[in-house]
Amino acid sequence: MTSRISRLLVAFVATTGATLGVTLANPSPASAAMTICYNTSQAGSFVSVANQAASIWNNATSNLTLTANCGSNLRIYSITGGGSYAVRTSLGNGRVYIDTQQAQQYSPLRIMSHEIGHILGLPDNYNGNCALLMSGGSAGTGCTNPYPSSAEASRVTQLFAGTRVGPERAGDVGSQIFPDSWPATMLAPIG
Ligand SMILES: [Zn+2]
C-alpha cells in the first residue's frame, strides 16, 4: 500500500515537472513597454550625462523608457580611479560606476551610454569600431560616439520583448560584472 502511494507521488511529481518545463520553455511575451527607473543621487557631476544617455537609449529602442529618479532599477555612481564598470543584477537592473579620471580621457557620454548598455543586456565587443557603442575604449580616446548601432539597439529591443533567439536571449541575461578600465595602464599620473 505504501509503495503504491509512493509510485503515485512519483508519477505526480514527474507530471508536474514536465508541465513546469513546458511553461518555462514558452514564456509569455513581455509587456509592450518597460520603464527603467534610474537614480542619479550618487552620480556627482555626471547627472546631465546620465540624462543624455537615457534619452539616447529611449530614442534608440521601441519598448524601453528610462526615467530619472522614479525608483532604483539602475543606480549611477561617480567614482575616482580604477575605471568605469557596470554591475548587472538582472536585465534592466544594476549599478553603473563612472570613473572621473577615465572621463577626462574618454567621452563621458560614450562611457555612460556604454555602461548603461551593459545593464540593458549588451556584452563588450572590443573590436575598435567607433560606430559600435560596445566597442568601448578599444575605439580610442578620439571616439566620442555615444549612440548604439542599429544592431545594438535592436538587440536590446529584442531582449526586452523576450523575442531574441540565439546568444544573449532574454532569460540568459543575468547577473554579470563588466569592468571597463579602458586601457588599464594608460592613465597618466596627475601632476
Ligand atoms: Zn563594457
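Mean separation of Cα pairs under 8 Å and 6 or more residues apart, divided by the residue count, gives region 95-148 a relative contact order of 35 percent. Per-residue Cβ neighbour counts within 10 Å put M112, M134 in the sequence M134, M112, beginning with the fewest. Protection proxy ranking for 51-59, 115-123, using the average of other Cβ atoms within 10 Å per residue and placing the highest first: 115-123, 51-59. Sorting E168, E152 by the number of Cβ atoms found within 10 Å of their own Cβ, with the fewest placed first, yields E168, E152.
Whole-Hz Karplus values for region 48-64 come out as 5, 5, 5, 5, 5, 5, 4, 4, 4, 5, 5, 6, 7, 10, 9, 10, 10 Hz, taken residue by residue from phi with 6.51 cos²θ - 1.76 cosθ + 1.60 and θ = phi - 60°; glycine and proline positions read x. Put simply, the amide H of G94, placed in the peptide plane, has neighbours under 5 Å in L74, R75, T89, leaving out anything fewer than 5 places away on its chain.
Bear in mind these aren't lab numbers, they're just calculated from the coordinates by the rules spelled out. From a predicted model like this one, the values you see are computed outputs, not experimental measurements. Please note: Cβ atoms are built from the backbone with ideal geometry, for glycine as well, and neighbour counts cover all protein chains shown.
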